[in-house]
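Student: Dumping the structure here so I can ask a few things about it.
The values are calculated or read from the model by the stated rules, or taken from the named source; none is laboratory data. Quick caveat: nothing in here was measured; it's all calculated off a predicted structure. Note that we place each Cβ from the backbone using ideal geometry, even for glycine, and neighbour counts take in every protein chain shown. With ligands, DNA and RNA removed, areas are computed over all heavy atoms of the protein, side chains included. Shrake-Rupley method; radii C 1.70, N 1.55, O 1.52, S 1.80 Å.
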Amino acid sequence: GNTRVIESNLDAMKAFLDSIGNDKFAPDSYLTKGTALTEHLALVGTDSPLCSNVLYAYMLGLFSKMAAAIGEDELAQHYGDLSVKVKEEWNQVFINAATGQTQNSSGGIQDTQASYALAIEYNVISDENRDRAAELLDQACERGYNNVPYTITTGFIGTAPLLPALTDVGKVDTAYKMFEQTEFASWLYPVTQGATSIWERWNGYTIENGFSGLNYMNSFNHYAAGAVGAWMMNDHVGITSDEEHPGFQQFILQPTLGGDFTYVNGGYDSIYGHITSNWIVNQGKLTA
């Protein structure tokens, strides 16, 4: 609940958002052009403006909340309103009205795991498009990569929201199928190749091909795919913060059961002390 970091960085955050907003998609648009690196290293690419504007709308909303928290009500109203306008235009531009699929600005279908996961998890998809997006995300996960079901096709920004989005829309079985997958590409595939950490590339090293000439950009302890750790703590272990009581003064303890797991032992060291979540499941029911 400490707002000093907001006060210290408010001007910088505002300048950052304004610089994004000034790089307009079109002269009369609220959308931005986006960046070419959004879905870096994705196995199936997704349109950069589609992705970038999801995060732009999300950041505008966060900035509005932060401004309100320190009494900057005028800023909060302005950037909150702008977030709503970006979301509305995003649904008009990037959702195909006939099929409900995501598309690029030229109308080309972008039916990818990232396109739906980003829009769902960052609450940019409209209520009328949400159920259809949930089904399409589920189907994209079942298709997987290279005809291997429940493998991952997302890149640097689409991987983090993938399992949270599936869980939020009730596709828990699919989330666990993705989580427990060992074929390429998956979180456990590198483990089959000797990994003890999460890599920048799923195949940064393989037993068959070694480093495959990728040494020029091949981190073996990387945040992008490693962002699954948030889902593991919030949903798998089941420890979630309560927004009304920041800093884990109070918290929500609610594991999401699924997959082949029969037990989970986990914990989080909060500023107010250690939180433990140990659970056992039998025939789909929580027993301890």
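Student: Could you work out the helix-only [θ] at 222 nm for the chain, with each DSSP H run of four or more residues adding -39,500 (n - 2.57) and the total divided by the number of residues, to the nearest 500 deg cm²/dmol?
Tutor: When only DSSP H runs of four or more count, the value is -12500 deg cm²/dmol.
Student: Between segment 1-74 and segment 169-191, how many Å separate their Cα centres?
Tutor: Measuring centre to centre over Cα atoms gives 30 Å.
Student: Here's another thing I want to ask about it. Kirkwood Rh, Cα Rg: Rg to Rh for segment 174-239?
Tutor: Numbers: Rg = 12.7 Å, Rh = 12.5 Å.
On the Cα set of segment 174-239, Rg over Rh gives 1.01.
Student: Moving to a separate point now. Packing-wise, with mean Cβ within 10 Å as the measure, how do 94-107, 170-183 rank, highest first?
Tutor: Peptide ranking by packing, descending: 170-183, 94-107.
Student: From the phi angles alone, apply the Karplus equation (6.51, -1.76, 1.60; θ = phi - 60°) to segment 44-58 and give each ³J(HN,Hα) in whole Hz, x where the residue is Gly or Pro.
Tutor: My calculation for segment 44-58 gives 10, x, 10, 3, 5, x, 4, 5, 4, 6, 4, 5, 4, 4, 5 Hz in order.
Student: Taking Cα pairs under 8 Å and at least six residues apart, what relative contact order does the chain come out at, in percent?
Tutor: Reported as a whole number, the value is 11 percent.
Student: Applying the Karplus parametrisation 6.51 cos²θ - 1.76 cosθ + 1.60 with θ = phi - 60° to the phi angles of segment 23-33, what ³J(HN,Hα) value in whole Hz is obtained for each residue in order, glycine and proline being reported as x?
Tutor: Whole-Hz 3J(HN,Hα) from phi for segment 23-33: 8, 6, 5, 7, x, 9, 9, 8, 7, 10, 6.
Student: Give the Kirkwood hydrodynamic radius (Å, one decimal) of segment 104-236, defined as one over the mean of 1/r across all pairs of different Cα atoms.
Tutor: When all Cα pairs of segment 104-236 are included, the Kirkwood radius is 15.3 Å.
Student: Right, next: Compute the distribution of all C-alpha to C-alpha distances in segment 1-66, in bins of 10 Å from 0, and list the percent of pairs in each, rounded to whole numbers.
Tutor: Per 10 Å bin, starting at 0, the Cα pair percentages come out as 19, 43, 27, 11, 0.
Student: Mind jotting down a quarter of the surface of the convex hull over the alpha carbons of segment 1-129, in square nanometres, one decimal?
Tutor: Mean orientational projected area (segment 1-129, Cα hull): 8.7 nm².
Student: For the chain, what are Rg and Dmax over the alpha carbons, in angstrom?
Tutor: 20.1, 59
Student: With the contact rule set at Cα under 8 Å and sequence spacing of 6 or more, what percent relative contact order holds for segment 132-287?
Tutor: Working: 238 pairs, mean separation 23.8, N = 156.
Relative contact order, segment 132-287: 15 percent.
Student: Positive end of the charge dipole of the chain (Lys, Arg +1 and Asp, Glu -1 on Cβ, about the Cα centre): tell me which of Leu162, Ala195, His236 has its Cα farthest that way.
Tutor: Result: Ala195, furthest along the dipole toward the positive end.
Student: Let me ask something else about it. Using each residue's phi in segment 87-95, evaluate 6.51 cos²θ - 1.76 cosθ + 1.60 at θ = phi - 60° and report the 3J(HN,Hα) Karplus result to the nearest Hz, with x for Gly and Pro.
Tutor: 4, 4, 5, 4, 5, 6, 8, 9, 10
Student: Rounded to a whole number, what % of the accessible area of segment 110-168 do carbon and sulfur atoms account for, probe 1.4 Å?
Tutor: On segment 110-168, the fraction of accessible area on carbon and sulfur atoms equals 35 percent.
Student: Let me ask something else. Specify which residue in the list Gly107, Leu55, Val44 is farthest towards the positive end of the charge dipole of segment 1-140, using unit charges on the beta carbon of Lys, Arg (+1) and Asp, Glu (-1), about the Cα centre.
Tutor: Farthest towards the positive end: Val44.
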